[in-house]
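As structure tokens, the structure follows; a few thoughts come after it.
The values are calculated or read from the model by the stated rules, or taken from the named source; none is laboratory data. The shown structure was predicted, so the numbers you read here are calculated from the model rather than taken from an experiment. With ideal geometry, Cβ positions are generated from the backbone for all residues, glycine too; neighbour counts draw on all protein chains shown. Remember, those area values only see protein heavy atoms, side chains included, never the ligands or the DNA or RNA. Shrake-Rupley method; radii C 1.70, N 1.55, O 1.52, S 1.80 Å.
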Amino acid sequence: YTILSRVHSDRNVYPSAGVLFVHVLEREYFKGEFPPYPKPGEISNDPITFNTNLMGYPDRPGWLRYIQRTPYSDGVLYGSPTVENVGKPTIIEITAYNRRTFETARHNLIINIMSAEDFPLPYQAEFFIRNMNVEEMLASEVLGDFLGAVKNVWQPERLNAINITSALDRGGRVPLPINDMKEGVYVMVGADVPFSSCLREVENPQNQLRCSQEMEPVITCDKKFRTQFHIDWCKISLVDNTKQVSTFQEVIRGEGILPDGGEYKPPSDTLKSRDYYSDFLITLAVPSAIALVLFLILAYIMCCRREGVEKRNMQTPDIQLVHHSAIQKSTKELRDMSKNREIAWPLSTLPVFHPVTGEIVPPLHTDSYDNTSMPLMQTQQNLPHQTQIPQQQSAGQY
């Protein structure tokens with residue numbers, strides 16, 4: 001395959017700080033940059049995925065999220081810009097990948113964040129919608145319906161969607177793929193008027209008790225949402241930014257709290273350099289010298305103090321040397337016999353004289369005698385020249 005890359009012209013958008021920003025990456029916008037389908041007449045429906053990152057960085061800014069469920073659906077960039085990014089253009093590099101031809105198409109999205117005059121809105125409410133996924137809620141018509149229902153309940157003069165967050169980003173669990181279950185989505189809206197009595201009903205003790213028992217609270221305005229949105233009223237969050245709550249707490253010193261040591265003063269840059277040459281010699285040279293001396297002593301003992309075989313024989317008694325030599329000769333003879341059983345029997349295993357007369361007896365077999373089947377040691381009754389010793393008779397026979 002030939003992998004090509006085309007670059008679109010830059011696109012500029014102008015969101016406001018503190019207001020929800022949504023930008024859809026349409027697949028149809030990038031299809032024209034890819035070659036047509038192989039078969040003429042057929043509509044191209046190639047799988048296309050997107051990769052988004054801040055120019056010069058591997059990821060997006062912290063306030064910007066991206067979602068695309070399948071390669072056959074559009075991608076969505078969404079988030080709530082912060083005040084810190086006002087006046088600083090944010091360049092997002094968008095790369096589209098055609099999963100059939102492995103081609104790419106790129107263009108830059110320049111986000112120019114504008115400051116809002118009425119930001120931040122002082123009264124903010126966050127709703128948890130159980131029957132929606134984040135990409136469904138980001139659709140303009142669905143989000144418009146939800147803001148319309150909130151406006152009927154709240155009756156503000158100005159109402160804006162501040163942020164949308166998937167329940168999975170808040171530690172929620174992935175739903176089972178049964179009964180068309182949804183992951184849920186958090187929607188934060190802001191208004192310029194105090195909360196209505198309907199929204200305050202969730203703070204009643206009776207509803208708080210029902211929420212602690214995992215029961216649905218009784219909310220009078222829930223029917224205005226129920227037709228399209230299933231809201232978990234136990235998870236609603238109401239924030240009033242007009243009440244300035246001081247977060248400063250005086251530290252009471254006691255056990256476990258160290259006294260204030262003043263401002264940290266780093267060491268001066270004019271410190272004198274230290275010479276580690278002497279430390280190196282002490283650490284390396286001294287152990288090496290000790291090891292060398294021990295090696296020389298061991299070499300002298302092993303090589304120069306050997307007595308040798310001659311000195312050993314001179315200090316050994318002659319009878320012990322004779323016995324040792326006889327044992328070695330017998331051992332060598334037995335080993336030679338085990339190697340070749342065809343040779344004649346050694347003289348040491350044959351009777352060489354008569355036990356009574358002392359007469360020399362010739363060998364029991366000739367040189368041509370087959371001795372392979374003869375046992376090495378013969379019993380007394382098998383000897384032909386054995387002399388019978390007379391037995392002592394009893395006294396009654398004489």
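Here are a few things to note about the model shown:
- Residue within region 162-173 that is over 26 Å from Y29 (Cβ atoms) and touching a Lys or Arg at 6+ places or on another chain (Cβ under 7 Å) present: no
- Residues within region 304-323 that are open to solvent by 100 Å² or more (accessible area, probe 1.4 Å) and assigned to a helix (DSSP H, G or I), tallied: 7
- Residue, farthest from the chain's Cα centre (by Cα), within region 77-128, restricted to residues that are β-branched (V, I, T) and more than 30 Å from K31 (Cα to Cα): V86
- Filter result (touching a residue at least 12 places away in the same chain (Cβ under 8 Å) and either open to solvent by 20 Å² or more (accessible area, probe 1.4 Å) or of a type in the set (S, T, Y) (or both)) within region 170-194: R170, G172, K182, E183, Y186, M188, D192, V193, P194
- All told, G256 falls short of being modelled with pLDDT of 90 or more and either farther than 16 Å from N131 by Cα or in contact with a strand residue (DSSP E or B) (Cβ under 6 Å, 6 or more places away or on another chain) (or both).
- Just one of the listed residues (L77, L109, L147) is hydrophobic (A, V, I, L, M, F, W, C) and in the same structural domain as A191 (by the TED database), and it is L147.
- In this structure, L109 does not qualify as crowded, with 16+ Cβ neighbours inside 10 Å and part of a helix (DSSP H, G or I).
- Yes/no for A139 being under 40 Å from the mean Cα position of the chain (by Cα) and under 17 Å from S237 (Cβ atoms): no
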